[in-house]
Amino acid sequence: MIKRTLKQLATMIPGSVFHSGNEAAVIEGVSIDTRTIQQGNLYIPIKGERFNGHTFVHKAIENGAVATLWNKDEENPPTDISVILVDDTLVALQQLAKSYRHELDIKVVGITGSNGKTTAKDMVKAVLDTTYRVLKTDGNFNNHIGMPLTILRLDETHDIAVLEMGMSSRGEIEFLSNLAEPDVAIITNIGESHLQDLGSRDGIAEAKLEITSGLAPTGQLVYNGDEPLLTSRVVNPVFETMTFGSSEQNDLYPSAISAEELGTTFTVSRETTYSFFIPVLGKHNVHNALSAIAVGHYFGLDNETIAKGLKELKLTNMRMELVKRTDGLTFINDAYNASPTSIKAAITLMHDLEGYKQKILVLGDMLELGDQEKEFHKEVGEFIQAEKIDYVLTYGPLSVEIEQGAKNNFAEDKVMHFEEKDELVKKLTAITTREDVVLVKASRGMKLEEVISKMMHKL
Ligand code: ATP
Ligand code: MG
């Protein structure tokens, strides 16, 4: 954050009142976490479900905070630090970020979608890094707290912010978009995540399109044009649009996709034809890359520069991460998360993958899918093609349905369900050879990456 006095910061938070201390104190950044707070920070204590940040203020002071915000209804504001009283510290954090965003001469790229936000964010950053000074959302800091905190990390060393925007219910993306006011907005895809709260895929599409509410009228919406729920809704917009996807109807679509051991090559024809390489697998990642190419074009980059950036891509962990054991056995660690769309994308990749002796799927539960969760799991099982996959190993209570679905196509002894990871690892050890590839995928809560770490030690 660019340095501000406490007095200046207070003017950025409507309704705030200076309570005590030194209004001229210089603030260099904000923090909501006393464990990571840094010298010169403003502490913003947030009241959560389990913890109340106000009770940790002394830890914040100990670790270098020079001032703190304080909810008016919390008792005993500290006396050994400057204090600004606010109605609600969370709202104050958001107001602060919003005014700060306005003061900056910085372009913003906002990214939402059911799957692929973090991946697209990493790709956009890789592309823009070639030419600009870019700050991106750390990890998955994509909500009403993480995004404002990311904005407040911007300073004069940045030209562009790439912000991930996540949601679980209606209105959240609208809020984030109005706060961040993106110049470019990306919608990666519409899947089934959060179906529980949004009712239907229709509802999910509406919710993702909320990203246009803060989009600059001179800005650009980059979205998945294979999705009719989006194309039917984006009609005569004030902003520019750019679509991407498999279909040739899109502004950007890939041809000549070829999966290689260390990544994927594909060609895009638009005015000229150009070939790109990304060091990750999967057609869905080609789509994510197309959205990054669109952003590169928006910011005036030529294909050669964009290709250079994409080649250098480093993904945030556990998203289609290739891990090789010393004997050569290959794992694709996609245990970061799973939904029906993303799990099918990963299975499709495994169907298409060549050059391995056996191809094995290790699949765990997809969480938060609502009433139809069992059907979704069963469908995933039915989706797996027996002639292209050698074994399916499932883990977790819902994944029994994957097993059941797969058993419709597979021989009995090729599909196995496990309630214990150790049992699964034992079986996996017994069936794998060094020339095999194993895809590991489930929702975050299943911690399925443990299967890979256990297998790593099984040599
Ligand atoms: P979260 O909501 O947890 O933040 P996210 O939208 O940031 O997720 P990623 O972390 O990039 O998504 O990827 C999550 C999973 O979705 C990965 O398993 C990845 O393989 C898959 N995935 C990535 N991009 C796509 C896509 N365009 N379509 C379908 N699945 C995808
Ligand atoms: Mg994410």
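Where a number appears in this text, it was derived from the coordinates with a stated rule and is not lab data. Please read these numbers as outputs of a predicted model, since none were measured by experiment. Cβ sites come from the backbone with ideal geometry, for glycine too, and all protein chains shown count toward neighbours.
Quick one: net charge around Asn333, please, counting Lys, Arg +1 and Asp, Glu -1 for every other residue with C-beta under 14 Å from its C-beta. Walk me through the intermediate numbers first.
Working: positive: Arg319, Lys324, Arg325, Lys441, Arg444, Lys447, Lys454; negative: Glu321, Asp334, Glu449, Glu450.
For residues surrounding Asn333, the net value is +3.
Using just the alpha carbons, could you tell me how many Å³ per residue the convex hull of the range 1-158 encloses?
Details: hull volume 18.7 nm³, N = 158.
In the range 1-158, the Cα hull volume divided by residue count equals 119 Å³.
Per DSSP H run of at least 4 residues, take -39500 (n - 2.57); add these up for the chain, divide by its residues and hand me the 222 nm value, nearest 500 deg cm²/dmol. The partial results should precede the final answer.
Working: 16 runs with 147 residues, N = 459.
Value at 222 nm, helices only, nearest 500: -9000 deg cm²/dmol.
Calculate how large, on average over all directions, the projected area of the Cα convex hull of the range 282-363 is; give the answer in nm² to one decimal.
Working: hull surface 26.9 nm².
That works out to 6.7 nm², a quarter of the Cα hull's surface.
How do the peptides 196-202, 122-128, 207-213, 173-179 rank, highest first, by the average count of neighbouring beta carbon atoms within 10 Å per residue?
On the way: 196-202: 15.1, 122-128: 26.3, 207-213: 22.6, 173-179: 20.9.
Result, highest mean Cβ count within 10 Å first: 122-128, 207-213, 173-179, 196-202.
Net charge within 13 Å of Ser99 by Cβ-Cβ distance, Lys/Arg positive one each and Asp/Glu negative one each, not counting Ser99 itself? Write down the numbers at each step before the final one.
On the way: positive: Arg4, Lys98, Arg101; negative: Glu103, Glu181.
Spelling it out: positives minus negatives among the neighbours equals +1.
Nearest 0.05, what FRET efficiency do Phe277 and Thr429 give at R0 = 45 Å with Cβ-Cβ as r? Don't jump to the answer; show the numbers that get you there.
Values: r = 34 Å, r/R0 = 0.76.
Efficiency, rounded to the nearest 0.05: 0.85.
Which links in Lys208/Lys344; Lys344/Lys407; Lys283/Lys374; Lys407/Lys458 stretch past 24 Å when you go from one Cα to the other? Show your work: numbers first, answer last.
Details: Lys208/Lys344 21 Å; Lys344/Lys407 17 Å; Lys283/Lys374 26 Å; Lys407/Lys458 29 Å.
Where the Cα-Cα span goes over 24 Å, the pairs concerned are Lys283/Lys374; Lys407/Lys458.
Provide the gained length on full extension for the span Asp155 to Leu459, in nm with one decimal, where the gain is 0.36 nm per separating residue minus the Cα-Cα distance. Write down the numbers at each step before the final one.
Numbers: separation 304, 0.36 × 304 = 109.44 nm, distance 4.82 nm.
That pair, Asp155 and Leu459, stretches by 104.6 nm at full extension.
How much net charge surrounds Thr5 when only other residues with a Cβ under 12 Å from its Cβ are counted (Lys, Arg +1; Asp, Glu -1)? Numbers along the way, then the final one.
Numbers: positive: Lys3, Arg4, Lys7; negative: Glu23, Glu28.
It works out to a net charge of +1.
Are there trypsin sites (Lys or Arg not before Pro) in the range 325-424 that DSSP marks as loop and that have at most 16 other Cβ atoms within 10 Å, and which are they? Don't skip to the answer; put the middle values down first.
Numbers: sites: Arg325, Lys344, Lys357, Lys359, Lys374, Lys378, Lys388, Lys407, Lys414, Lys421; in loops: Arg325, Lys357, Lys388.
Here the sparse-neighbourhood loop sites are Lys357, Lys388.
Kindly provide the GluC sites (Glu not before Pro) of the range 237-306 that DSSP labels as loop, not H, G, I, E or B, and whose Cβ sees at most 10 other Cβ atoms within 10 Å. Could you put the intermediate results ahead of the total?
On the way: sites: Glu240, Glu248, Glu260, Glu261, Glu271, Glu304; in loops: Glu248, Glu261, Glu271.
Filter output for the range 237-306: Glu248, Glu271.
Hey, what angle do you get for helix 89-103 against the long axis of the chain, alpha-carbon based, 0 to 90 degrees rounded to 10?
90
If packing is taken as the average number of other Cβ atoms within 10 Å across a peptide's residues, how do 180-187, 366-373 rank, most packed first? Please report the intermediate quantities before stating the final value.
Values: 180-187: 25.8, 366-373: 17.0.
Output ranking for 180-187, 366-373: 180-187, 366-373.
When only C-alpha pairs under 8 Å and at least 6 residues apart count, what is the relative contact order of the range 60-129, in percent? Could the numbers behind the result be given before it?
On the way: 38 pairs, mean separation 14.3, N = 70.
Relative CO of the range 60-129 lands at 20 percent.
How much space per residue, in cubic angstrom, does the convex hull of the C-alpha atoms of the range 10-69 take up?
Details: hull volume 5.5 nm³, N = 60.
With only Cα atoms used, the range 10-69 gives 92 Å³ per residue.
Given the range 233-388, what percent of its DSSP beta bridges are antiparallel, to the nearest 5? Display every interim value, and only then the final one.
Numbers: 16 of 17 bridges.
Looking only at bridges with both residues in the range 233-388, the antiparallel portion is about 95 percent.
7 Å from Cα along Cα→Cβ at both Ser169 and Asp87: what's the point-to-point distance in nm?
2.0
Expressed as a whole percent, how much of the Cα-Cα distance distribution for the chain exceeds 28 Å?
Details: 58637 of 105111 pairs.
Summing the P(r) tail past 28 Å for the chain gives 56 percent.
Based on DSSP, what percent of beta bridges with both residues in the chain are antiparallel, to the nearest 5?
Working: 22 of 72 bridges.
Among the beta bridges of the chain, antiparallel pairing accounts for roughly 30 percent.
Taking a quarter of the surface of the Cα convex hull of the range 124-229, what do you get in nm²?
The orientation-averaged projected area of the Cα hull of the range 124-229 comes to 7.1 nm².
For Thr11 and Asp327 in the same chain, what is the full-extension length gain: residue separation times 0.36 nm, less their Cα-Cα distance, in nm? Spell out each step's value before the answer.
Working: separation 316, 0.36 × 316 = 113.76 nm, distance 6.12 nm.
Here the answer is 107.6 nm.
Rounded to the nearest 5, what is the percent of antiparallel bridges among the DSSP beta bridges in the range 1-128? Working shown, then result.
Details: 6 of 15 bridges.
Given both bridge residues lie in the range 1-128, the antiparallel proportion sits at roughly 40 percent.
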